[in-house]
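First the structure, in the form of structure tokens, and then the observations on it.
The values are calculated or read from the model by the stated rules, or taken from the named source; none is laboratory data. All values derive from a computational prediction rather than experimental measurement. Methodologically, a virtual Cβ is constructed for each residue, glycine included, from the backbone with ideal geometry; neighbour enumeration extends over all protein chains shown. The protein model used for the area step is the full one, side chains on, heavy atoms only, and it has no ligands, DNA or RNA in it. Shrake-Rupley method; radii C 1.70, N 1.55, O 1.52, S 1.80 Å.
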Amino acid sequence: MSANMRMFLLRCAAAVIFLTATGCWNRTELNELGITVATGFDRSGDEWEISYQIVVPSATGASQGGGAGGGGSQPSVSVFTTKGKTIREAVAHGYEENPRQLYFGHTEITIIGKEAAEAGINQILDLYFRTVEARETVLVAVTDRKASDMLRNMVPREKIPGSALADIMRKQSANSSYFPIINLFQLALKISSDSRAAGVPVISVPEGSEKPLESLDINKTTSPPVKMKIVRLGVFKGDRLAGWLNRAQSYGIAWLTDQVKGSTLSFTCPRTDSKGSLRIITAKTNITPVKAGDHYKMKVNIQASGDLMEYMCEGDPFSPKTIQALEREVGVTIIDTVNTGWEAAQKMRVDLPGFAGKIHRKDPKAWRQLKDHWEEELSKIELEVHVTVKIERPGLLKKSFKQLSQKTAPGGG
């Protein structure tokens, strides 16, 4: 055997030994991890309260088996809360009562309590951007109560409440777009931008309907009393919570910020008080700042298309004339919605649409003159909204079912 062949075989043997070697000096076994799916941040006086919602693997497995056996009624997650003068100190205190190494790689949502949001969230954002294992893509929500209370409530029929809440936010954004979702990275960008403003969905539970994890067996009730849902939009001015927007106002901001992905829009029929609805399939908003005298006007151009879902109006929806009249009515509805959102934000003196950044990019010199008194300038900005709507599919019937039923009814002609 040649020397080269002998050297080749020695290298192959070393590689096999290296690849088949078991164990790692700093590894953490799976059964030693506490997989965190949701975190909550609250303030208690001068201290931070950090809450964790951690998956209970044994209970999750039993639940997936149909609820039979001893673990069927056990919650699939556990929640515990720790306190500290700083967030990291609160995290460290968690190991005084939790036997597992906290793992944040699967965290899907972070909930911020009202007091913590009003005190300022800079420390929360700083933590996420400094910690290697934390993900900046985690969704953010605010609650008008304590975040720890939200984490201790179940979402009906779902095993992992934290994941279910994140799914609610995503589905809502994709199908109604009333409350635009936001993750930690986007939140940090917005509140540190020229506008220094951001909107965050608010999760709450109806007063008096709370049921903690330990007192609710979702396998034994068809209509659990706990119904956590998105109720409004929290408005941040800088790093502090400044107020709230209701659904209609938040929907207007969604149109202004080009965040309408899919939605159902109700409108009033032309010449009658009947209603119809259009399922928005595509929507695009472009905003151009235009100097108007000493101030700015925002030209808002919106293009939307969709399918007719409900039609109680008069006229043939297959007629171009009728379709054009419906498209105009939908356009008017969108304009009213946009103005509702803008007036609410303007009243709060918060630049939720991000007009400051648009002016800065178009005319940096003008922005340098405006930025020191931007709030005052914001109150003088007017919108010029143009909407183009296209109804793609009017449905299968040429008349509303109301018209058809009247025609076939006795004495209906």
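Tabulated data
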{"item": "Cα centre as origin, Lys/Arg/Asp/Glu Cβ charges: the range 261-378 dipole, Debye", "result": "580 debye"}
{"item": "Within the range 76-143, trypsin sites (Lys or Arg not before Pro) in DSSP loop having at most 13 other beta-carbon neighbours inside 10 Å", "result": "Lys85"}
{"item": "Sulfur and carbon atoms: percent of accessible area, the range 247-412 [1.4 Å]", "result": "49 percent"}
{"item": "Residue-span extension gain [Ala325 to Lys291] - 0.36 nm each, minus C-alpha spacing", "result": "8.9 nm"}
{"item": "Amide H within-cut-off set for Arg145, under 5 Å, with H built and near neighbours excluded", "result": "Lys114"}
{"item": "Radius of gyration and Dmax over the Cα atoms of the range 317-371, both given in Å", "result": "17.7, 53"}
{"item": "Mean separation of Cα contacts under 8 Å, 6 or more apart, over the residue count of the range 247-412: relative contact order %", "result": "30 percent"}
{"item": "Percent carbon-and-sulfur accessible area, the range 113-177, ignoring ligands, DNA and RNA, probe 1.4 Å", "result": "49 percent"}
{"item": "Proximal lysine pairs, the range 86-210, alpha carbons under 22 Å, eight or more residues apart or interchain", "result": "4"}
{"item": "Loop-resident sites, the range 264-357, for chymotrypsin sites (Phe, Trp or Tyr not before Pro), counting at most 14 other Cβ within 10 Å (DSSP)", "result": "Phe318"}
{"item": "Linear extension gain, Arg100 paired with Arg349, 0.36 nm per residue minus alpha-carbon span", "result": "85.0 nm"}
{"item": "Thr285 - accessible surface, heavy atoms, 1.4 Å probe, Å² rounded to 10", "result": "10 Å²"}
{"item": "P(r) of the range 247-412 over all Cα-Cα pairs, binned every 5 Å from zero, in whole percent", "result": "2, 8, 16, 18, 14, 12, 9, 7, 6, 4, 2, 1, 1, 0, 0"}
{"item": "Å² per residue, accessible surface of the range 247-412 at 1.4 Å", "result": "54 Å²"}
{"item": "Computed label-point distance, nm, for sites Arg170 and Thr137 using a 7 Å Cα→Cβ extension", "result": "1.0 nm"}
